[in-house]
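All remarks here apply to the structure that follows.
The values are calculated or read from the model by the stated rules, or taken from the named source; none is laboratory data. Predicted, not measured: the structure shown is a model, and the values here were computed from it. Using ideal geometry, Cβ is built from the backbone for each residue, glycine included, and neighbour counts are taken over all protein chains shown.
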Amino acid sequence: MKDQLLQYTLRLGDNALILGQRLGEWCGHGPILEQDIALTNIALDQLGQARLLMQYAAEQKGEGYTEDKMAFFRDVTEYHNCLMVELKNGDWGRTIARQFLFDTYNYFFYTALLSSADERLKDIAQKAIKEITYHAQWSAEWLIRLGDGTEESHRRVQESLNDLWEWTGEMFMMDEVDKAMLEAGIGVDLNRIKEQWDQKVSQIIEMATLTKPEDGWMQSGGKQGEHSEYLGYVLAEMQHLPRMHPEAEW
Amino acid sequence: MTKEMNLEERFQAYVDGENKVEPKDWMPEKYRKTLVRQISQHAHSEVVGMLPEANWITRAPSLRRKVALLAKVQDEAGHGLYLYSAAETLGADRMDLVEDLLSGKAKYSSIFNYPTPTWADIGAIGWLVDGAAIANQVMLCRTSYGPYSRAMVRICKEESFHQRQGYEILMSLAKGTPAQKKMAQEALNRWWWPSLMMFGPTDDNSPNSAQSMKWKIKRKSNDELRQEFIDKTVPQAEYLGLTVPDKNLKWNEERGHYDFGTIDWEEFYQVISGNGKCNKQRMKARQDAHNAGAWVREAANAYAEKQAARKAEEGSAA
């Protein structure tokens with residue numbers, strides 16, 4: 001149970017950290033200043049949530065652990081984020097499509113987490129939900145704008161949705177950890193989140209004049225530590241400096 | 001001709017009386033042009049200036065530092081926006097100004113053509129580059145053009161925060177491990193002289209300054225600002241236990257200022273003319289972002305037009 005809560009906390013924290021890290025790559029390179037700022041806002045929120053969750057994970061882990069030790073001194077197989085957040089950003093359309101699929105999931109997830117029996121997760125959810133609500137709105141608006149924009153934007157964002165689809169299933173797969181946490185009243189029922197997500201995603205995709213991809217084979221493993229090739233590079237970049245100076249404080 | 005002369009004289013008297021010029025006021029064409037050039041250069045500098053620091057967002061060595069750096073670079077983008085807006089009050093068009101940057105016609109602060117090879121450079125930029133920028137910008141809070149002066153007041157508040165943040169990064173390094181301290185010293189060595197160059201050529205080599213001073217766009221000369229910066233910064237370096245890389249640096253009791261060595265103006269002009277380590281890289285990054293974003297901006301415009309048409313249709317149907 002203790003280990004399962006830790007892994008559950010890390011799954012949430014790693015989603016936030018790796019997505020925040022990926023979005024941080026956009027800073028200074030957005031299509032227009034206003035949107036550079038908007039995407040950076042989301043990155044900042046994700047990283048802020050990641051810190052709260054890493055702090056909680058470090059406390060669970062006990063002596064000598066800190067948020068930074070959790071973030072910078074775990075290797076690929078010790079990370080528990082879902083695979084979709086570690087994928088490359090691609091173009092603006094790809095980043096928006098991923099953000100929309102993830103934010104919508106995150107919105108329903110954190111809404112449910114507001115009733116968690118774990119006081120700490122509940123507190124974090126209360127802080128995060130306002131931010132996540134805004135993210136979900138922003139990325140849905142952008143999906144609609146791109147889908148219903150020009151022929152080119154429609155084509156690009158449709159392709160991105162198609163490519164990303166196989167990475168969405170993992171968010172809703174319930175393994176032992178998810179089941180134990182649900183039973184303890186701490187975690188969230190992913191089957192229910194899936195229904196809510198399906199409905200919302202279908203509605204926005206239709207408003208965007210796009211086509212919802214067919215469900216097919218779904219990739220999985222990230223939550224359990226089985227990652228794509230991308231995560232190693234993300235971590236190499238993120239961790240190199242503290243690992244080179246393990247005694248240092250920054 | 002006489003009427004024009006009168007207007008110019010009246011304008012000068014107005015400025016001399018420490019009044020702010022507002023967008024709808026009459027102003028000499030050259031005053032307007034000077035300001036558009038200066039404000040847009042300043043805006044471009046904020047935007048290009050995001051790049052050397054953004055270079056470290058994904059590699060910041062702690063989560064706290066990562067969040068602070070990301071927020072800082074985002075502030076720079078915000079400053080760019082205020083400044084483009086201030087330039088637009090003078091009749092300039094933001095997209096034209098951006099085109100001028102991308103074509104190389106417009107300049108931006110040359111300091112951003114220097115690279116940030118180590119984390120300590122992020123501290124040095126905050127402390128020295130933002131410090132030099134603040135010296136200039138505090139003066140500009142009193143500039144004669146109202147919208148520019150008001151934008152500067154907002155920007156200065158945030159810049160002071162950035163400068164403290166940069167200094168704090170160097171403080172952690174300076175009192176850290178020997179490797180961290182070395183990193184800090186090397187960054188000071190890299191950024192000291194370029195920071196002094198940020199104030200521009202010496203007064204006897206700065207031909208446009210006199211008119212700008214007369215119009216109270218500029219309120220202090222390049223050399224005055226540079227001296228102020230040195231006087232303020234040297235004790236801060238001492239407090240860090242770092243050595244300013246100038247063997248001629250010495251307190252002059254009589255002048256009440258530090259004496260300092262000769263700036264390598266050849267380097268300054270080389271970097272301005274495109275030969276800094278990162279000139280090409282910075283321009284390419286801006287051009288790439290702009291080009292890769294073209295379809296996004298088109299889509300946003302097309303969608304906005306469709307929405308407006310739908311609204312109009314609904315309106316006429318009702």
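In segment A:13-64, what count of residues is obtained for those that are more than 11 Å from chain B (Cβ to nearest Cβ), of a type in the set (D, E, K, R) and free of Cβ contacts under 8 Å to residues at least 12 places away in the same chain?
The total comes to 2.
Of the conditions (1) in contact (Cβ under 8 Å) with a residue 12 or more places away in the chain; (2) more than 14 Å from chain B (Cβ to nearest Cβ); (3) surrounded by 14 or more Cβ atoms within 10 Å (Cβ to Cβ), A:M238 clears all except one; give me its number.
(2)
Name the residues in segment A:21-36 that are of a type in the set (A, V, I, L, M, F, W, C), under 19 Å from B:R64 (Cα atoms) and part of a helix (DSSP H, G or I), would you?
A:L23
Would you confirm whether any residue within segment B:84-104 is of a type in the set (D, E, K, R), surrounded by fewer than 20 Cβ atoms within 10 Å (Cβ to Cβ) and under 15 Å from B:E159 (Cβ atoms)?
For segment B:84-104, residues of a type in the set (D, E, K, R), surrounded by fewer than 20 Cβ atoms within 10 Å (Cβ to Cβ) and under 15 Å from B:E159 (Cβ atoms): absent.
When you go through A:K212, A:K194, A:K223, A:K179 one by one, which is the residue that is basic (K, R), away from chain B (no Cβ under 14 Å), surrounded by 18 or more Cβ atoms within 10 Å (Cβ to Cβ) and free of Cβ contacts under 8 Å to residues at least 60 places away in the same chain?
Among A:K212, A:K194, A:K223, A:K179, only A:K194 is basic (K, R), away from chain B (no Cβ under 14 Å), surrounded by 18 or more Cβ atoms within 10 Å (Cβ to Cβ) and free of Cβ contacts under 8 Å to residues at least 60 places away in the same chain.
Are any of the residues in segment A:109-123 modelled with pLDDT of 95 or more and closer than 20 Å to A:I205 by Cβ?
Within segment A:109-123, one or more residues are modelled with pLDDT of 95 or more and closer than 20 Å to A:I205 by Cβ.
Of all residues in segment B:20-67 being more than 29 Å from B:D96 (Cβ to Cβ) and touching an Asp or Glu at 6+ places or on another chain (Cβ under 9 Å), which is surrounded by the most Cβ atoms within 10 Å (Cβ to Cβ)? Give the derivation first.
Residues of segment B:20-67 more than 29 Å from B:D96 (Cβ to Cβ): B:56-67.
Then keep just the ones that are touching an Asp or Glu at 6+ places or on another chain (Cβ under 9 Å); that gives B:56-59, B:61-64.
Working: B:W56: 21, B:I57: 28, B:T58: 17, B:R59: 19, B:P61: 26, B:S62: 20, B:L63: 23, B:R64: 14.
Among them, the one singled out is B:I57.
For segment B:5-19, which positions are surrounded by fewer than 10 Cβ atoms within 10 Å (Cβ to Cβ) and small (G, A, S)?
Once the filter is applied, which keeps residues that are surrounded by fewer than 10 Cβ atoms within 10 Å (Cβ to Cβ) and small (G, A, S), segment B:5-19 yields only B:G17.
Given the options A:I18, A:I42, name the one that is under 30 Å from B:M95 (Cα atoms), part of a helix (DSSP H, G or I) and of a type in the set (A, V, I, L, M, F, W, C).
On inspection, the qualifying residue turns out to be A:I42.
Since B:A71 meets every condition but one in (1) surrounded by fewer than 22 Cβ atoms within 10 Å (Cβ to Cβ); (2) without any contact (Cβ under 8 Å) to a residue 40 or more places away in the chain; (3) within 25 Å of B:R219 (Cβ to Cβ); (4) of a type in the set (G, A, S), which condition does it not meet?
Going through the list (1) surrounded by fewer than 22 Cβ atoms within 10 Å (Cβ to Cβ); (2) without any contact (Cβ under 8 Å) to a residue 40 or more places away in the chain; (3) within 25 Å of B:R219 (Cβ to Cβ); (4) of a type in the set (G, A, S), B:A71 breaks only (3).
Working carefully through the options B:S144, B:S109, find the one that is in contact with a strand residue (DSSP E or B) (Cβ under 6 Å, 6 or more places away or on another chain) and either touching a residue at least 24 places away in the same chain (Cβ under 8 Å) or crowded, with 23+ Cβ neighbours inside 10 Å (or both).
Residue meeting the stated conditions: B:S144.
Six or more apart or on different chains, Cβ atoms under 7 Å: show the pairs whose first residue is in segment B:174-201 and over 23 Å from B:F112 (Cα atoms) and whose second is of a type outside the set (A, V, I, L, M, F, W, C) and not in a helix (DSSP H, G or I).
The qualifying pairs are B:A174/B:G241; B:G176/A:E249; B:T177/A:H245; B:T177/A:E247; B:A179/A:H245; B:Q180/A:H245.
Could you grab me the full set of residues in segment B:126-172 that are among the aliphatic types (A, V, I, L, M) and within 14 Å of chain A (Cβ to nearest Cβ)?
Across segment B:126-172, the qualifying residues are B:I169, B:L170, B:M171.
Look at B:G274 and say whether it is farther than 21 Å from B:W192 by Cβ, over 20 Å from the mean Cα position of the chain (by Cα), away from every other protein chain (no Cβ under 12 Å) and small (G, A, S).
No.
Would you check if B:W26 is of a type in the set (F, W, Y) and away from every other protein chain (no Cβ under 14 Å)?
Yes.
Name the pairs: first residue in segment B:292-304 and more than 7 Å from chain A (Cβ to nearest Cβ), second residue among the polar types (S, T, N, Q) and surrounded by 14 or more Cβ atoms within 10 Å (Cβ to Cβ), Cβ to Cβ under 9 Å, at least 6 apart or on different chains?
From residues that are more than 7 Å from chain A (Cβ to nearest Cβ), the pairs are B:N301/A:T150.
For A:W142, are the conditions met, namely being away from chain B (no Cβ under 13 Å), in a helix (DSSP H, G or I) and either at pLDDT below 95 or crowded, with 17+ Cβ neighbours inside 10 Å (or both)?
Taking the combined requirement at face value, the residue does not satisfy it.
Return yes or no: is A:Y79 farther than 23 Å from A:I204 by Cα, in contact (Cβ under 8 Å) with a residue 60 or more places away in the chain, away from chain B (no Cβ under 14 Å) and among the hydroxyl-bearing types (S, T, Y)?
It is true that A:Y79 is farther than 23 Å from A:I204 by Cα, in contact (Cβ under 8 Å) with a residue 60 or more places away in the chain, away from chain B (no Cβ under 14 Å) and among the hydroxyl-bearing types (S, T, Y).
Restricting the search to segment B:63-103, which residues are part of a helix (DSSP H, G or I), among the small types (G, A, S) and more than 8 Å from every other protein chain (Cβ to nearest Cβ)?
Listed by number, the residues that qualify are B:A68, B:S85, B:A86, B:A87, B:S103.
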